[in-house]
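Engineer: Sharing a structure, written as structure tokens. Questions coming.
Every number in this text was worked out from the coordinates using simple rules, so none of it is lab data. Quick caveat, the model's predicted, so the values are computed rather than measured. Counting neighbours? That spans all protein chains shown, and the Cβs are built from the backbone with ideal geometry, glycine included.
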Amino acid sequence: MTLKDSSLSFIGSFLISQIMIIFLLLFSYVICLLAGIDSSKITDFLDHNCYGYLIKSIFFMGGILLTFFLFNRKKDNKTIQKPSIKKMFLYILIGILGFFMLVPIVNCFNALLLHWGVKLSEFPYELNVASYFMSIISLVIIPAVIEELLMRGTILKGMKGYGQAFTIIMTAIMFAMFHMSIEQMLFPILMGLLLSVIMYHEDNIIYSIIVHAVSNFLSVTMTYLRVPLFINHWAYILLAFLLLIAFLSIVLYFTFKGNKTSKHLTASKIDILYFIVPIIIMIIFWIIINLNR
């Protein structure tokens, strides 16, 4: 894996995923046209129904998975290894602790966005017992596995020779950019730092998948249980600030600990261009998508 591979897989996965969604919509509209059904119903089904959302998720994540296979043809790229049972339980605990450390921080950030007049996106559909279990598939299992294969299994691998800090921080930023949402910037950056640290040091994607899945599971479950979140008390804001300092201190310690760049690996001007251009393209996409909200 090279920096060029990381860059191309980053922008390629987004573009291919969007093409997959466009194909799904066009196919659905053709079916509606032939069956004489109002096309707005299919859009509403895909966006606001748990079964439609699952179908949409499969197509979007299918584009990411396709990119993963395109850029992981080398035999020396062992992304998945046999995990340790003891470590699996450890990372389940880390996933739980990491999530609840970040919840107050993100709630305060979202409160600021609301104060500034930013309209936050809501959960796409009503959660009941049936849709909850469908959400475990579409919002927990599928994203945790496939997003990790892309971000930590491909993108991080290609950057690894350019320094530990660069690899971990840039992968976390790219992970956040991929979500294409204002309110989904802070949490993915912070969680992305944790996931990247885990993958960098363990070199086994199973552990980052576990932490990612635990985080997503807790998020969906809290939404399902309608857990009240208090964000307007000074003590809560102070707690969030202290948790942010603690979280960043722990993660950044492991990010910069033993940070070294390979003496045998330097980025060429072409590699740098391949890296910068996708970042710029994704920033443009991010601005366009969020300005149109």
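Engineer: Could you tell me the relative contact order of the chain? Use alpha-carbon pairs under 8 Å, at least six residues apart, and round to a whole percent.
Structural biologist: Numbers: 352 pairs, mean separation 87.5, N = 293.
Relative contact order, the chain: 30 percent.
Engineer: Okay, moving on. Under a plain spin-label model, where a point goes 7 Å from the Cα along Cα-to-Cβ, how far apart in nm are L242 and I281?
Structural biologist: Spacing of the two 7 Å Cα→Cβ label points: 4.6 nm.
Engineer: Can you pull a Stokes-Einstein diffusion coefficient for the stretch 41-167 at 37 °C (0.692 mPa s), Rh from Kirkwood over Cα pairs, as a whole number of µm²/s?
Structural biologist: Stokes-Einstein gives a translational diffusion coefficient of 184 µm²/s.
Engineer: Which value at 222 nm does the chain reach when only helices count, each DSSP H run of 4 or more adding -39,500 (n - 2.57), with the total divided by all residues and rounded to the nearest 500 deg cm²/dmol?
Structural biologist: -24500 deg cm²/dmol
Engineer: Still on this structure: Hey, if you put +1 on the Cβ of every Lys and Arg and -1 on every Asp and Glu Cβ in the chain, which of Y207, G62, S181 ends up farthest toward the positive end of that dipole?
Structural biologist: Y207
Engineer: For V277, V220, V211, which order do you get if you count the other beta carbons within 10 Å of each Cβ and list the fewest first? Display every interim value, and only then the final one.
Structural biologist: Details: V277 13, V220 19, V211 25.
Least to most surrounded, the residues fall as V277, V220, V211.
Engineer: Another one. Scanning the chain for helices, which whole DSSP H stretches are 27 Å or more long along the axis (Cα) and average 1.0 or more by Kyte-Doolittle? Kindly include the intermediate steps, with their values, before the conclusion.
Structural biologist: Numbers: long enough: 3-35 (48 Å, 1.87); 50-70 (30 Å, 1.67); 85-115 (45 Å, 1.78); 205-225 (30 Å, 1.50); 234-256 (32 Å, 2.43); 269-291 (33 Å, 2.35).
Taking the DSSP H segments of the chain (at least 27 Å long, mean hydropathy at least 1.0), we get 3-35, 50-70, 85-115, 205-225, 234-256, 269-291.
Engineer: For the chain, how big is the tail of P(r) above 25 Å, as a whole percent of Cα pairs?
Structural biologist: Of the Cα pairs, 51 percent sit more than 25 Å apart.
Engineer: Now for a separate question. Can you sort S268, S9, S215, S57 from fewest to most other Cβ atoms within 10 Å of each residue's own Cβ?
Structural biologist: Lowest count first: S268, S57, S215, S9.
Engineer: On a full-extension model of 0.36 nm per residue, what is the gain between T221 and Q184, subtracting their alpha-carbon distance, rounded to one decimal in nm?
Structural biologist: Working it through step by step, the gained length comes to 11.5 nm.
Engineer: What residues of the stretch 182-199 lie in the reach of a label at Q81, counting those whose backbone N is under 18 Å from a point 7 Å from the Cα along Cα→Cβ?
Structural biologist: What the label zone holds, given the 18 Å backbone N cut-off, is 195-199.
Engineer: Give me the Kirkwood hydrodynamic radius of the stretch 109-232, using the inverse of the mean 1/r over all pairs of distinct Cα atoms, in Å to one decimal.
Structural biologist: Radius from the Kirkwood sum: 15.6 Å.
Engineer: Estimate the FRET efficiency between Q18 and H115 by the formula 1/(1 + (r/R0)^6), using the beta-carbon distance for r and 41 Å for R0, to the nearest 0.05. Walk me through the numbers on the way to the answer.
Structural biologist: Values: r = 32 Å, r/R0 = 0.78.
Between Q18 and H115 the formula returns 0.80.
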